Structure formats: C-alpha cells, structure tokens
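Okay, so here's the structure we're looking at.
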4 protein chains.
Amino acid sequence: MRTMSFVKEVSQWILAGIGGIIQTIDDVEINRMVETIIAARENKILLLGTGRSGFVGRAFALRLMHLGFNVYVSGETITPALSSDDLVIVISGSGTTTTVVAQAGVAKDVKSKIVAVTSHPDSPLAEYADEVVVVKGRSKIDQIFDYEGRQLAGEYDNAPLGTMFELSVMVFLDSVIAELMQKLGIHEIDLRRRHANAE
Amino acid sequence: MRTMSFVKEVSQWILAGIGGIIQTIDDVEINRMVETIIAARENKILLLGTGRSGFVGRAFALRLMHLGFNVYVSGETITPALSSDDLVIVISGSGTTTTVVAQAGVAKDVKSKIVAVTSHPDSPLAEYADEVVVVKGRSKIDQIFDYEGRQLAGEYDNAPLGTMFELSVMVFLDSVIAELMQKLGIHEIDLRRRHANAE
Amino acid sequence: MRTMSFVKEVSQWILAGIGGIIQTIDDVEINRMVETIIAARENKILLLGTGRSGFVGRAFALRLMHLGFNVYVSGETITPALSSDDLVIVISGSGTTTTVVAQAGVAKDVKSKIVAVTSHPDSPLAEYADEVVVVKGRSKIDQIFDYEGRQLAGEYDNAPLGTMFELSVMVFLDSVIAELMQKLGIHEIDLRRRHANAE
Amino acid sequence: MRTMSFVKEVSQWILAGIGGIIQTIDDVEINRMVETIIAARENKILLLGTGRSGFVGRAFALRLMHLGFNVYVSGETITPALSSDDLVIVISGSGTTTTVVAQAGVAKDVKSKIVAVTSHPDSPLAEYADEVVVVKGRSKIDQIFDYEGRQLAGEYDNAPLGTMFELSVMVFLDSVIAELMQKLGIHEIDLRRRHANAE
C-alpha cells in the first residue's frame, strides 16, 4: 500500500489547523469587520503589515481593488495621506512589530479607523485599534503521527514561526471577500474588468 | 440553533477545495521539486510571479531565506544576474502572464533551471520549464448549499479568479518547507536566527 | 592649498554632464509630454521601468500623486486594468529591457497612450510609443583630469552603466513637475496635503 | 531669439542648487562614510528610507550590489536579521520619519553601525547614528528670474518638498560609488557581470 507523501500529510495537517483556527474567530468581530469595510467604500483603505503578514495583506488589498475599493498598501510608492475618514487594516500575529505599531500610531493620531487582525488582543497594536479580529496562531497540538506511526516533527517544525497565523488569515480574508461580494452584489465578471492587464 | 456564519462556511468550503487540489499533485513532481531546491543550496534561487501568485512566491522566498537559501524575488531592488547554476521557480496559474513568460524566457536563455508551478502543463511557461508541478485551480464543484439549504453563490463568486490556485500553492509550498526542514535537519530555532529584526 | 575631494569632483562632473544632456532634449518633445500628462488628468497614468530607471519613475509617480494625478506604478500591488483612455510612461535607457517592452506591448494592445523616455528612438520600446522623449545617456567625454592633473578614471567608471541617463531623467522629470505645477496652478502647500503621513 | 524652455531653465537652476549643496558636505564625513562602507565589505549593508529618499537609497543599493557588496533594502521580501557586524545606511532629509526612526532604533538595539544621511544633524535619526553625513536641503535662494525677467515661482514650487535633498543625495551617492570603484579597483565591466538579466 502506497502511503501519502510527507508533503501531503503536512498539508492535510495544516488545513485541519487552519479550519480549527477560523472556527474560533468571533462572529461578532467578523461581522463588524465586514460592515466597517463596506462603510469605507467611499474612502481610502490602507493595508499595513510586514513580512508574510504583509503579503497576506497585499493579496487581500488586490481583491479589495478588484471589488472597487480605493485601497492602498503601506510601503509602496503610491500611499496617500490618511484622514479621519479612512480605514487602516493591520495584520500582525504578535501585534508588536516595531514599524507596524509605529505606523498604527500615526494612523491613530489622524483619527483613521483601525482594524487589527492579530493573535494578541492585549498587544500594543490592539491597543491602538478600534476593532480587533482575533485569529489564533499555533494550535495546541504539539505532536502528531503519520500513517506509519512515525512521529512527525511537531508543529513548530511543520509550521514554523507565524505560518499558522498567516495561512489562517489568508483563507479567512478570502472568505471575507466572498461575503463582501455577496453583500455588495458583485460577481466574478466585475472583478475581471478591474484585473491588471499590463503585468 | 445558531448556524455557522457565511464567512466560516466559505472558509470550510475553500479548505476542502485546497485539500482536494493538493491531493491531486503528482508525488513524483513534488519529490523532484524538493530535490531540485536542495541541489540549489549553494547557488541562487529566484522566485518569479505577479499579482497574488507573486505574493505567494514571496512568502515562500522568505521561508527559503529563513532556511539559509540564497534567494531572490523578481521585481525587487536586489536581483542578481542569473547563470546556468541557478534555479528559477515560477508561479503562474495560467502559465501565460506576459512578463512572467518573458522573464522565464530570459532565464532559459542563460540556461538557469526552471521549475514552473502552474495549473497548465501545456502553457507557454511550462514549455520553458525543466520541471512542472501541476497544481489545479478551480475544482469541478460549481454550486454548494449552506446549512439552511440556501444556494451559495457558486465557486466563481466564493473563490474568484485564481483564488483556489493561489491558496493551494501557498499551503503546498509551506508543506514543502516542512519537508525541506526535515530533510536538511533544520529546526524552527534556526529560522528565528535569520528572521529580520529591523522591520 | 586644499584640493577638492574626489567625490565632489565627480559630482561636479556628473552635474555638468546632466546639464549638457538635458539641453539636448527636444523642446517639442518636452512640451508634448507635458500636454499629454495634463490631458490624462481625469484618467490613469501608469509608470513602467525596471532597476534604477524604475526608481526614477517611482519618484516621478510620487510627485504626480502629490499633484493630484491618478497614478500607478508597475510591479506594485495596486495596478489597475489599463484602457484606451490611459497613459503609460515608460523609462528605459536602452529601450530593450525584456519585461518593459513586453508590458508596453500589452499597453499598446489595449490602445493606451504610450510615452517613452529613452536614449534610443529606434528601440523596440520606442516603436510601441506614441511619443518619444529622447534623453541621451553617456556624453562624449571619455576622460577628464582633476585639479592636480591626475587622469580621472574615465566616464565609464565615474558614471557606470546607465547612471548618466538615470540621473538626467530624474532631474528632467522633476523639472517637468515644476512646469506642471505652474500650468495647473498648484503650489507646494497643495502637495503637502497629499503627502503620506503614516510612513 | 528663442528663449530656453521653462523645463530646461528649472533643470539648470536645480543642477546649480545641487552643486552648491554637495560643496557644503563635510569632506571628513564623506571620507568616513566611504571607509565605513569599505569596512562592511564582508558583512551586510541595509538601506533604510521611505518615499523618494527610499528610491534614492534603492538606486544606491543596486550599485553597491553591482560592486559586490552584500546589500539589502528595508521593506523588501529578503531582509536579513541584523547583527553588530552590519551597517545600516539611513536616508531621511528631516530625520524624523516615524518608521525610519523606529527601524533605526531596532538597528541600534542590535548594535549595528548606523550612518545617517540627513539635513538635520540634531534630529532623532541622527541621535541614533554613529556617523552623520549632512546634506542640506533647500538652499537660501527664494526667488529667481528667467531670461525674460519673469519671476519664477520660487524654489518651493520649482523644487517642492524634499526635492533638493533627494536629488543632491542621489548625485552624491553616485559619486561615492565612483570613489568606491576607484578605491576597490572595480571597473564598469565588473558591474555588468552582476547586473540582473531576467528583468
């Protein structure tokens, strides 16, 4: 009997982990985030985040643009002046990354609305935030065994550093996109029209 | 009885989709990719991709850097001259994106090794590639129903454009990282040492 | 007598070179470019370029944003679909860079207006362009001597590769900004309002 | 008689301004910076800066890479962990940009050497720095007149915001490259070999 490859085993384990993490997100927090994004439709939305959380934020920003939102990404060339009408969505597992917290502080100063997606609702980032969506990072499972009874290396090595947080937020935010599309009556065909062609 | 929120339902549906897609990846292609990456340990690795596939590539590049690889990302400031010793990993669902195919062509000219991660093994990109890892995009399911029997909007609106491909590749490549860690005897603690601090 | 440091000597030599290069730009080409940009005020402007030419383009894009233009930069997250109403400004000394020419080709396909800033009016890029602004690169001077009669290393080593083109275009485009401000009645105080704060 | 176009007049005025600014840079500061960069040849160099100063830093980073330095740019995918052996070069006219100062603070914590290029030697950034290179911004001239006696709009509108600082630093750093090439015995032909080909 052919066993599943290690890569596929880890994938299944990661997917189960993500599923568990997303189930623990508070529905009230989700709904509030969705409504806050819809309310920002006439204003600017800025995505903040560094490293892999930053890439997850950019992937979300790209879809928000496809949905017709006026969205920007921190650290890129075209980043506008923020005002009190604007929305800042910050992604940081730890909620402590130096530059992210510094930028959130500036956004706070100009009274932009801040939504933090973080594992730590008591972090410096979360303190700046008007709304927090808690997405847990590592789950509790520390060891698993494969189909042949070998101990897998433990989650630290199968999903090192912020992997579980980043993947969970990526899937979660793509699901938020689905809800935004439904609520705003936007269909895939509308997205295609806003998709970059000269790339 | 409280039903699951739409966002969570879509998440579960997306995760099931990703799981199915990853199961269809050819184990031979996976193993060859892992070996090719390990063989490039003393040389340069360049990640190519645009849009959301580009972000998935960057997330992978960051982990490869954490593992000690000499890795670069196309479109950023510091991108080296490629040679025949180097490895280019290209991510493109369609395998037809203009600039990506153009860059793969240049890499081909200097005889770098090219691994393409794409849904289309017969695409222009795949033709340039020495190795192809086929990761399917949209699954066949076109309609699903929620717990209350409402028809969900269909996968096109729940996972528009390349969403399923991008998410599947992201989870797949993080699983490749787990295998690379195991094969190279690298542990999470080693990654922490290479994690950027001034960000 | 204290002689000027080598760094300052090279600076003066570079500045003289830039001055000479800018004088050779055709006034008709300059005026047409200024008018084309003003005409694009209600539409989108996309800046294309790689490497140091790309950074020069981004610096220009940032100022165009400060002036109120709807401007984008290729290779960043938020890049819109182009249409026949839009303007693409491409910066490439050689006019042959693979991805730049490929992207210009896509812009041509959707009938966007293309302005090429290049040293080579007969390059593949220039062929796609509706308008060309020729900015020469290296000047003719091959050797200069410092205040003590030592031969300086020659321009190839004092301003290697595309240095003279890139610096000349940077100064030229900042001067175009000054003319745009004058023609549009925009003052520095207006720019301050659009300057990013959360960075 | 044909008069010079406004764009060319502004260019000449900008170039004269840059020339004046570069003459005021302290030769001791220049030499120390050159020696510090040469001393970092076996270690990592990180360029920090946002907005147009960030692009100037990236243009410098690219040339340092062409010279064989192990250089990184803040905000990009591949940014390494800094240590006390490494060099951080920060470009900020005001020396107060929030994230730049925050990142310099982190670099200070890990005892990396910090060189600040700034107009303000008493700024928060300069306080973190081990070495400061003062490059003035706006010159004193507030009004100039063109060849026909019309008053030009004043430097604020001809070179708004940080324009004079950014351009002066760009030319200055390219002159530093020339000195590095001379001191290290590197010639243009060596740079060509390290120039990215797949772009």
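The values are calculated or read from the model by the stated rules, or taken from the named source; none is laboratory data. Remember, it's a predicted structure, so these values are computed and weren't measured experimentally. So basically every Cβ, Gly included, is an ideal-geometry build from the backbone, and we count neighbours across all protein chains shown. Accessible surface areas use protein heavy atoms only, side chains included; no ligands, DNA or RNA. Shrake-Rupley method; radii C 1.70, N 1.55, O 1.52, S 1.80 Å.
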Quick one: angle between helix B:27-39 and the longest Cα principal axis of chain B, in degrees between 0 and 90, rounded to 10, please.
-> 30 degrees
Long-range amide H partners of D:Y72, meaning residues 5 or more apart or on another chain whose placed amide H is closer than 5 Å, are D:I45, D:L46, D:L47
Label points for B:A16 built 7 Å along Cα→Cβ; distances to same position in the other copies, nm, shortest first, come to 1.8, 7.5, 7.6
Links exceeding 31 Å between C-alpha atoms in this model, out of D:K113/D:K183; B:K8/C:K108; B:K44/C:K113, come to B:K8/C:K108; B:K44/C:K113
The stretch C:1-115 - accessible surface per residue (Å², probe 1.4 Å) | 31 Å²
Candidate aspartates and glutamates for bridging to D:K136, where Cα separation is under 12 Å - those fewer than 8 sequence places away on the same chain excluded | D:D26, D:E166
Answer in debye to the nearest 20: the dipole magnitude of the stretch B:21-63 about its Cα centre, from +1 Lys/Arg and -1 Asp/Glu charges placed on Cβ, is 340 debye
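With all pairs of different alpha carbon atoms counted, what Kirkwood hydrodynamic radius in Å does the protein assembly as shown show?
On the way: mean 1/r = 0.0368 Å⁻¹.
Over the protein assembly as shown, the inverse of the mean reciprocal pair distance is 27.2 Å.
Could you give the size of the charge dipole of the stretch A:158-199 about its Cα centre, using +1 on the Cβ of each K and R and -1 on the Cβ of each D and E, expressed in debye and rounded to the nearest 20?
Numbers: 4 positive and 6 negative charges, 32 e Å.
Using only the charged Cβ atoms, the result is roughly 160 debye.
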If the label for C:K111 sits 7 angstrom from Cα along the Cα-to-Cβ line, what are its distances to the same label in every other copy, in nm to one decimal, shortest first?
-> 4.7, 4.7, 6.6
Other protein chain Cβ atoms within 10 Å, averaged over every residue that makes up B:163-175 | 5
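Could you work out the helix-only [θ] at 222 nm for chain B, with each DSSP H run of four or more residues adding -39,500 (n - 2.57) and the total divided by the number of residues, to the nearest 500 deg cm²/dmol?
Details: 8 runs with 97 residues, N = 199.
Mean residue ellipticity, 222 nm, calculated: -15000 deg cm²/dmol.
How large is the direction-averaged shadow of the alpha-carbon convex hull of the stretch B:38-144, in nm²?
Values: hull surface 29.9 nm².
Averaged projected hull area, Cα only: 7.5 nm².
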Minimum Cβ-to-axis distance in chain D for the rotation onto chain C, with residue, whole Å = D:F55, 2
Everything considered on the Cα gyration tensor (a ≥ b ≥ c; rounded for a/c under 1.5, else prolate if a/b is larger than b/c, else oblate), the stretch B:1-87 must be described as prolate
Could you let me know the centre-to-centre spacing of the stretch C:64-111 and the stretch B:37-116, using Cα atoms, in angstrom?
-> 23 Å
Compare the peptides B:167-177, C:183-193 by average per-residue count of other Cβ atoms within 10 angstrom and give them in order, highest first.
-> B:167-177, C:183-193
Sort shortest first the distances from C:H187 to its counterpart in every other copy, using label points 7 Å along the Cα-to-beta-carbon line, and give them in nm.
-> 5.2, 5.5, 6.6
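Calculate what fraction, in whole %, of the accessible area of chain A sits on carbon and sulfur atoms when a 1.4 Å probe is rolled over the protein chains. Intermediate results must be reported in sequence, preceding the final value.
Working: 3560 of 7210 Å².
Looking at chain A in its full context, I get 49 percent from C and S.
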Please quote Rg/Rh for chain C to two decimal places, taking the Kirkwood radius as Rh and restricting both calculations to Cα atoms.
-> 1.02
Occluded residues from the stretch C:51-72, i.e. those whose accessible area drops by 50 Å² or more once the chain is not alone (1.4 Å probe) | C:R52, C:F55, C:R58, C:L62, C:R63, C:M65
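What's the magnitude of the charge dipole for the stretch B:2-119 around its Cα centre, counting Lys and Arg as +1 and Asp and Glu as -1 at the beta-carbon? Answer in Debye, nearest 20. Working shown, then result.
On the way: 11 positive and 10 negative charges, 67 e Å.
Around 320 debye, computed over the stretch B:2-119.
Take peptides C:81-94, D:16-29, D:86-99 and line them up by average Cβ neighbours within 10 Å, highest first, as a rough protection proxy. Let's see the in-between values first.
Numbers: C:81-94: 22.3, D:16-29: 17.4, D:86-99: 24.5.
Listed from highest to lowest mean packing, they are D:86-99, C:81-94, D:16-29.
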Compute the long axis of helix D:98-109 from its Cα atoms, compare it with the longest principal axis of the Cα atoms of chain D, and write down the angle in degrees, 0 to 90, nearest 10.
-> 30 degrees
Which ³J(HN,Hα) values in Hz, rounded to whole numbers, follow from the phi angles of the stretch C:115-124 under the Karplus curve 6.51 cos²θ - 1.76 cosθ + 1.60, where θ = phi - 60° and Gly and Pro get x?
-> 10, 9, 9, 8, 7, 10, x, 10, 7, x
Taking both sides together, what accessible area is buried at the D/B interface, probe 1.4 Å, expressed in Å² and rounded to the nearest 100?
-> 1900 Å²
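Restricting to the protein assembly as shown, what percent of DSSP beta bridges are antiparallel, rounded to 5? Don't jump to the answer; show the numbers that get you there.
Working: 4 of 72 bridges.
Beta bridges within the protein assembly as shown, antiparallel portion: roughly 5 percent.
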